[in-house]
Amino acid sequence: MIDEETDLIQFIQDHQDDFYRFCYSYVKDSTMAMDIVQDAIVKAIENYSRLRKKEYIKTWFYRIMINECKLYLRKRKNYESFNEQEISQKQMDINTVLGVQRVMQNLPVQYKDIVYLRYYEDMTLEEISLTLHINMSTIKSRLYKALKMMRVDLEKDKGCGYNER
């Protein structure tokens, strides 16, 4: 048991910045993001013995964080899933960044979660499927539909001052 808890603690320490960034993107509040990460860690420690396959620790922990973020947002009745990401102008044209962020905010939640986990958290489709408890084919179809919706929305913005690379 102690070795298993050590593995969990090591996993948390290795990814704590990722966890904070993920929660912050959901709640747009740095203090609450830290609190949510702490709550998720407590829940993970309390329930780690229930995790049957330890190789799924990443998807399991992200599922806990997603649930904690949504719980917080439900309590506040202010569900805004994504915050504007701080991306330097060296990495990407600011107009494209703003356009992508805007179209992501306009996506329905079931698409937004998948796009965010895939492209911001670099999860595989299988990991997303396990995290969200959604069939792999549904994940794929929602991802492709979300990307299509985003592409169409960005095309509309070309005439409104947003530039696509």
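The values are calculated or read from the model by the stated rules, or taken from the named source; none is laboratory data. Please read all numbers here as calculations on a predicted model, not as lab measurements. When the accessible area is computed, the model is the full protein with side chains, heavy atoms only, and any ligands, DNA or RNA have been set aside. Shrake-Rupley method; radii C 1.70, N 1.55, O 1.52, S 1.80 Å.
Kirkwood analysis of the range 24-68, using all unique Cα-Cα pairs, places the hydrodynamic radius at 11.0 Å.
Accessible-area rank, largest first, for 142, 76: 76, 142, with all protein chains present and a 1.4 angstrom probe.
Residue ranking by accessible heavy-atom surface, 1.4 Å probe, largest first, among 15, 133 comes out as 133, 15. Ranked from largest to smallest solvent-accessible area, with a 1.4 Å probe on the protein heavy atoms, 127, 55, 5, 68 come out as 55, 5, 127, 68.
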